[in-house]
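Each reported figure results from applying straightforward, stated rules to the coordinates on display, with no laboratory input. Just so it is clear, the model here is predicted, and its values are computed rather than measured. As a convention, Cβ positions derive from the backbone with ideal geometry for all residues, glycine included, and neighbour counts pool all protein chains shown.
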Amino acid sequence: MLSATLTYWGFLMHGNKLPLSWEWAAVPLLTTFSQFCMKILAGHLVHVPVGMAWLKQALMTPWLVVTLVCEILSFALWMRILAVTNVSRALPLSAISYALIILTGWTFFHEPVLAPEIIGSVLIIGGVWVLKTA
């Protein structure tokens, strides 16, 4: 299933060519998962005053480590994509994360999703498709 999803993302971004297909899918997925972990981390720190106690508490949670790993992996993959792709073709990929983050907030944190967010997400996905086919 994961392989099919990654192949689909590669197809979506490159048409019938599938170079870097798993990297193309991993960047928005890692970014979204990183935001998910940061949201959980923020919940653990909400009642801790910002300062050394806050930093100590943050460093003691696994959520910070997972967030940092996701960010580093996402950065490395993004650099690989930019090395072999025009920035004008690659940059729209990052916009997909916004729609995925809204979906994640609604699914896991029961955050409300308003009509403008839905419309914006549809426009983002549509815009990525338009730019991809240009």
message = At R0 = 22 Å, how high is the FRET efficiency between residue 57 and residue 111 if r is their beta carbon distance? Nearest 0.05 is fine.
response = 0.40
Helix runs (DSSP H) in the chain reaching 30 Å along axis by Cα, Kyte-Doolittle at least 1.6 = 62-84
task = Answer with a single label: of (1) 15.7, 47; (2) 16.9, 52; (3) 14.4, 44, which was calculated as Rg and Dmax of the Cα atoms in Å from the structure in view?
result = (2)
message = I need the fraction of alpha carbon pairs in segment 63-134 separated by more than 20 Å, rounded to a whole percent.
response = 45
request  = Determine, from the Cβ-Cβ distance of residue 42 and residue 80 and an R0 of 25 Å, the FRET efficiency 1/(1 + (r/R0)^6), rounded to the nearest 0.05.
outcome  = 0.25
